[in-house]
Amino acid sequence: MKTYYIKKMDKLRIRKIKFQQNNCEIYIKKDKEIKKIIKKFQKRDINYVVLDKELVKNKNFINALNANDIRIFDGRWLIKYLNLEILEYIIENSNLKKEEIELAITTDEISDLVIENIKILAKQYKKLIVVTSHIEKLRKIEKKIYEKEGIMIVISNNTKKSLLKSKIIINMDFNKQKINKYKINENAIIINLEGDIKIENKRFNGININDYEIQIGREETIWRESQDKFYNKDLFESIIYVRDTYNNIRKMIKKNKVQIKELYGLNGKIERFS
């Protein structure tokens with residue numbers, strides 16, 4: 001798997017697209033130029049890309065990449081392995097006490113990744129509630145977790161009560177329509193792992209997190225020319241992206257001393273919680 005790192009040209013040069021090893025610079029002024037760029041990518045069999053901070057704002061370019069099955073490393077795969085770091089960041093920058101937090105996970109995809117997240121978070125938090133439409137499927141998993149780990153979790157799908165007391169909600173995969181069916185704690189902190197979710201309840205005064213950035217203790221892992229033009233989360237995801245076990249990916253995260261640098265909500269950058 002070869003990843004190309006795509007930067008936006010500051011101004012038009014001799015060519016509108018320039019390749020150098022696995023680096024690429026492109027010039028986009030009009031949408032019609034996007035088709036030409038995609039064709040160039042296809043000729044080179046480019047299937048994986050990291051976009052710089054300017055290009056991630058270009059929705060038409062991103063839509064074109066997605067339509068042509070070109071994978072964009074945007075931190076969305078990585079974030080599902082960073083729940084411990086995100087929760088640590090929130091607790092350190094808020095008035096919350098870990099032992100008093102009621103934590104909720106919303107999910108309808110009962111995957112191995114979700115199960116591992118449930119197990120590890122249930123060990124660290126006093127009360128964990130899992131909100132899902134697939135209650136019977138999760139009941140079997142709940143029994144196995146209890147028999148093997150001695151951990152009890154609460155499972156619910158009550159739209160009026162399930163999320164009413166949860167101070168922190170980790171939204172693994174509920175879309176906008178699904179999560180807005182539930183009554184949510186008005187002051188909750190919601191971590192949307194899929195991103196771009198808006199809570200429609202006008203009384204909601206909590207923090208709705210849709211994006212993030214990381215800092216890496218071992219900077220040499222992601223070092224490259226013009227590194228500051230890219231997001232660290234995108235660079236790191238492109239490097240460790242692999243189909244592997246939850247524990248092995250967590251080991252890579254710990255080895256590189258990854259921490260949360262910032263969390264972004266719908267109302268701007270969130271650096272400290274109050």
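The values are calculated or read from the model by the stated rules, or taken from the named source; none is laboratory data. Everything quoted here is computed from the prediction, not taken from an experiment. Cβ: placed from backbone, ideal geometry, glycine included. Neighbour counts: every protein chain shown.
Structure data summary
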| item | result |
| --- | --- |
| Enumeration of residues in the stretch 1-34 that are surrounded by 11 or more Cβ atoms within 10 Å (Cβ to Cβ) and not in a strand (DSSP E or B) | MET9, ARG13, ARG15, LYS16, ASN22, TYR27, ILE28, ASP31, GLU33, ILE34 |
| Residue pairs meeting the criteria (Cβ under 7 Å; at least 6 apart or on separate chains; first small (Gly, Ala, Ser), in the stretch 187-200; second not in a loop (DSSP other than H, G, I, E, B)) | ALA188/ILE168; ALA188/ILE169; GLY195/ARG76; GLY195/ASN210; GLY195/ASP211 |
| GLU213 surrounded by fewer than 16 Cβ atoms within 10 Å (Cβ to Cβ), in a strand (DSSP E or B) and not aromatic (Phe, Trp, Tyr) | yes |
| Matching residues in the stretch 179-201 - criterion: being surrounded by 15 or more Cβ atoms within 10 Å (Cβ to Cβ) and within 18 Å of the chain's Cα centre (by Cα) | ILE179, ILE189, ILE190, ILE191, ASN192, LEU193, GLU194, GLY195, ILE197, ILE199 |
| Residue list for the stretch 113-163, restricted to those being closer than 22 Å to LEU87 by Cβ and of a type in the set (Phe, Trp, Tyr) | TYR125 |
| Subset of the stretch 129-185 (residues that are hydrophobic (A, V, I, L, M, F, W, C), closer than 23 Å to ARG76 by Cβ and outside any loop (DSSP other than H, G, I, E, B)) | VAL130, VAL131, LEU163, ILE168, ILE169, ILE170, ILE179, ILE184 |
| Restricting the stretch 114-136 to residues that are surrounded by 13 or more Cβ atoms within 10 Å (Cβ to Cβ) and charged (D, E, K, R), the residue that is nearest to ILE169 (Cα to Cα) | LYS127 |
| Those residues of the stretch 133-185 which are charged (D, E, K, R) and without any contact (Cβ under 8 Å) to a residue 12 or more places away in the chain, in sequence order | GLU136, LYS140, LYS143, LYS144, GLU147, LYS148 |
| Residues of the stretch 36-51 classified as assigned to a loop (DSSP other than H, G, I, E, B) and either buried (at least 17 other Cβ atoms within 10 Å of the Cβ) or in contact with a helix residue (DSSP H, G or I) (Cβ under 6 Å, 6 or more places away or on another chain) (or both), total | 1 |
| The lone exception for ASN201 - which of (1) modelled with pLDDT of 90 or more; (2) outside any helix (DSSP H, G or I); (3) of a type in the set (S, T, N, Q) it fails | (1) |
| Count of the stretch 101-116 residues which are aliphatic (A, V, I, L, M) and in a loop (DSSP other than H, G, I, E, B) | 2 |
| Matching entry among SER166, SER226 (being crowded, with 16+ Cβ neighbours inside 10 Å and either touching a Ser or Thr at 6+ places or on another chain (Cβ under 7 Å) or hydroxyl-bearing (Ser, Thr, Tyr) (or both)) | SER166 |
| Selection within the stretch 117-128 - in a helix (DSSP H, G or I) and out of contact with any Ser or Thr (no Cβ under 9 Å at 6 or more places or on another chain) | LYS119, ILE120, LEU121, ALA122, LYS123, GLN124 |
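Here's the yes/no breakdown for (1) buried (at least 20 other Cβ atoms within 10 Å of the Cβ); (2) modelled with pLDDT under 95; (3) not assigned by TED's automatic domain parsing to the domain that holds MET9:
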{"residue": "LYS53", "(1), (2), (3)": "no, no, no"}
{"residue": "ASN60", "(1), (2), (3)": "no, no, no"}
{"residue": "LEU65", "(1), (2), (3)": "yes, no, no"}
{"residue": "ILE90", "(1), (2), (3)": "yes, yes, yes"}
{"residue": "ASN95", "(1), (2), (3)": "no, yes, yes"}
{"residue": "GLU99", "(1), (2), (3)": "no, yes, yes"}
{"residue": "ALA104", "(1), (2), (3)": "yes, no, yes"}
